[in-house]
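Working notes, beginning with the structure itself.
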RNA sequence: GCCGCUGUGGUGGAAUUGGCAGACACAAGGGACUUAAAAUCCCUCGCUCUUUGGAGUGUACCGGUUCAAGUCCGGUCAGCGGCACCA
């Protein structure tokens with residue numbers, strides 16, 4: 001027997017797969033196939049550091065699924081590509097004075113080498129690269145369609161500006177007021193930006209989650225992020241002091257229209273446009289201006305996180321009229337009201353909103369109770385009268401809205417509210433909205449927290465935005481025939497402090513003619529964000545070389561089974577992309593659906609999310625912590641199969657797991673023992689009787705566990721099976737064959753090698769997945785537990801599947817005579833093949 | 001504050017529908033082989049008693065349902081994730 005020379009074996013089979021194009025997917029069904037199956041992993045950003053030890057976890061998991069599905073007869077598409085635009089490459093290029101395209105090519109080469117060395121069964125013939133003009137031609141094409149449909153627009157607005165990257169960030173890229181990428185401070189900066197109207201899709205992005213198989217935590221994160229709330233817009237008339245006629249109407253948004261009788265003042269955002277209308281009416285305009293300036297200077301961080309103490313200025317000279325009771329109420333400006341949400345104005349009900357309450361206390365404003373806790377809740381009564389009454393006692397004593405706002409909607413009853421009195425909050429909402437609508441004073445309204453997607457970036461290494469600004473025609477798209485609009489060569493990629501893209505310095509690029517009128521015009525010099533290319537890449541894998549269309553209808557039809565299912569069957573990626581890439585790509589896909597490019601409104605049928613690989617100290621791996629593991633070292637010391645096995649065995653795939661050297665040693669030991677199976681292979685075309693049920697059970701378990709991402713228990717089952725086999729001192733050919741096929745998706749190299757060495761015929765990849773017989777998954781005899789009053793008192797062996805009466809008899813025999821002496825049997829519970837429990841007193 | 005999730009040995013983690021808690025590994029201890037070490041193989045391994053047969057106890061905590069609870073229900077505590085001056 002040769003040594004287990006994993007390096008030689010792994011290189012040998014990797015070369016074999018390359019040469020035979022073993023994993024190439026076709027765009028049609030083969031003779032005996034079960035059809036196409038598209039498995040997707042998030043394509044990586046090819047950084048200069050090479051593959052991170054975390055990358056192989058999702059790639060291996062989906063590789064196992066891909067190999068399993070292929071053996072099971074599917075035409076599997078498991079592709080890989082490169083999300084290669086981005087700042088680190090650009091920064092590296094600046095520092096080392098190398099063109100980013102060259103840096104990218106080098107990085108991709110390194111990533112490819114590493115990925116191949118781990119033995120992933122990617123279809124390399126479909127490799128894509130977002131920085132390839134042949135690819136970004138279609139990214140630009142999609143942008144132009146968005147522009148043509150009015151979903152891309154340019155707007156002057158306050159945006160998030162990363163002080164270190166010198167670039168605008170989308171809301172999704174700002175985490176705790178810091179740049180998602182470099183963690184530097186983010187400040188507000190007013191800039192003219194291209195925006196995409198993702199808000200137009202907000203409702204559909206929530207609704208369609210019902211049709212896809214995503215983890216609950218992913219769905220709830222997206223729903224939270226989109227932030228739907230239902231309420232009403234209510235129209236208040238405003239008057240200036242001393243005037244009798246109302247001069248303007250002010251719309252406010254509220255989720256609690258039921259509390260309208262408790263609205264004792266109004267607050268509008270410091271940026272609210274009405275302030276300009278009132279400039280000459282306000283007695284304290286100087287104070288107002290000062291406050292406006294102060295809030296404009298505050299960063300979002302100061303405005304939201306720190307400024308919990310309410311500040312504001314009363315607009316001296318105007319007031320609003322509460323439409324339900326005609327009460328004249330003061331109007332304030334305060335930065336706790338945001339211009340970007342709702343109408344930028346609220347009615348304040350201090351009795352029933354904690355923020356309004358704090359403001360009312362600070363400014364000594366009246367607090368009117370309009371909702372009171374009902375005495376006893378019906379739901380509580382049903383459960384336990386005593387505790388409900390106890391609760392009522394204790395909480396009635398605290399129920400003073402002068403000291404604290406009462407915000408519970410479920411247990412409230414309306415008071416001090418005229419025609420709403422006595423109603424529940426829920427009923428009052430319905431009634432007041434009807435009343436308002438009837439009088440033309442308001443209507444139901446849905447609002448979303450989701451903001452439009454800030455799409456411009458002031459950097460070089462991104463897709464150029466294919467638009468031209470013409471003094472006569474405005475923004476005009478370049479003809480589609482001119483796509484791709486290639487990135488021009490530049491001398492310097494340095495970002496500028498004034499917030500302009502490096503492209504702006506290139507007169508040859510900037511100055512052009514208007515495609516509509518032919519006059520002199522200027523090109524847009526901002527580029528697209530990193531998220532552009534990844535928003536549709538999965539489509540391109542189905543038709544990577546098509547020069548005429550983004551994807552051909554034939555290929556689309558094949559991979560969507562005639563438009564009856566989302567194109568990607570199973571998509572695995574990181575939780576960190578839930579409100580970024582995953583949301584963006586769903587948005588783009590819906591747009592492509594609306595313009596007829598695709599046939600289903602959702603791109604991914606099933607989404608799963610892997611946990612991170614942490615350092616051996618349990619912390620996130622990072623250079624500064626010095627806990628980074630290099631995959632190349634692991635491949636050298638233990639081999640690819642051991643690495644794959646370990647990353648799958650380390651724990652629950654969906655949870656984070658710390659790296660442990662001792663763990664990979666254990667997996668290597670397992671492979672050594674697998675290798676040693678060849679020492680004593682005996683003839684046999686059936687499983688030996690003593691191992692038969694073990695094999696059938698393991699086949700069933702491994703298949704089931706792969707489907708449900710329980711790779712750790714699948715491997716544990718294979719380890720247990722190996723232990724059983726080696727205990728017999730030999731393995732027969734039928735057993736070895738099955739074992740190698742089951743292990744193949746996890747450890748593809750060693751299994752192929754053993755298959756060859758032991759002359760089992762052909763290669764594993766050409767075999768079909770093993771079948772199991774449900775009837776044979778059971779042992780002939782099973783051990784059952786005999787309990788008395790739920791405590792184990794004896795064990796017995798019974799014939800599997802024997803009837804209950806017989807089981808009971810065997811159980812009683814096993815107990816012996818003394819156990820039940822002097823006791824009366826009350827009840828006998830028999831669970832087939834499991835246990836007997838005798839209840840006795 | 002709102003929404004979602006999770007608490008099991010020294011460690012990572014197992015336990016279809018409620019049915020023997022701790023599979024499979026790691027670490028540790030003991031033994032075999034060896035001049036020795038590494039590697040490999042064998043044994044022990046939740047905790048507490050123990051006459052070495054076993055007995056009791058144990059899945060964050062308190063209570064409930066049940067013949068039977070890691071699993072279901074109510075409450076408490078701790079941790080993780082998402083949202084958050086979003087009206």
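A few points about this structure:
- Degrees separating the helix A:216-226 axis from the principal Cα axis of chain A, which is the longest one: 20
- Between helix A:100-117 and chain A there is an angle of about 30 degrees, using the helix long axis and the longest principal axis of the Cα atoms.
- Neighbour counts of C-beta atoms inside 10 Å place A:830, A:371, A:764 in the sequence A:830, A:764, A:371, starting with the fewest.
- Relative contact order (percent, whole number), the range A:695-841, Cα cutoff 8 Å, 6+ residue spacing: 18
- The distance between label points at residue A:841 and residue A:686 comes to 5.4 nm (points 7 Å beyond Cα on the Cα→Cβ vector).
- Separation of alpha-carbon centers, the range A:34-55 and the range A:748-789, rounded to whole Å: 30
- Label-point separation in nm, residue A:277 to residue A:669, each point 7 Å along Cα→Cβ: 7.8
- Simple label model, 7 Å out from Cα along Cβ direction - residue A:564 to residue A:106, nm: 5.1
- Counting beta carbons within 10 Å around each of A:347, A:80 and listing the fewest first gives the order A:80, A:347.
- Computed E for residue A:287/residue A:185 - FRET, C-beta separation, R0 22 angstrom, nearest 0.05: 0.15
- Among A:64, A:613, the ranking by other beta carbons within 10 Å of each residue's beta carbon, starting with the fewest, stands as A:613, A:64.
- Computed E for residue A:148/residue A:547 - FRET, C-beta separation, R0 22 angstrom, nearest 0.05: 0.55
- Percent antiparallel among DSSP beta bridges (both partners in chain A, rounded to 5): 75
- Subtracting the Cα-Cα distance of residue A:177 and residue A:472 from their residue separation scaled by 0.36 nm leaves 102.2 nm.
- Note on chain A: helix-only mean residue ellipticity at 222 nm, from DSSP H runs of 4+ residues weighted -39500 (n - 2.57) and normalised by residue number, equals -10500 deg cm²/dmol.
- You can think of it this way: the chain between residue A:95 and residue A:325 has 76.0 nm of extra reach, that is 0.36 nm per residue less the Cα-Cα gap.
- Length available on full extension from residue A:27 to residue A:620: 0.36 nm per residue minus the Cα-Cα distance, which gives 209.4 nm.
- Helix A:56-71 axis, angle to chain A major axis (alpha carbon atoms, nearest 10°): 60
Computed from the coordinates by the stated procedures, all read-outs in this text should not be read as laboratory data. Computed from a predicted model, the values in this text were never measured in an experiment. Every residue, glycine as well, gets a Cβ built from its backbone with ideal geometry; the counts of neighbours run over all protein chains shown.
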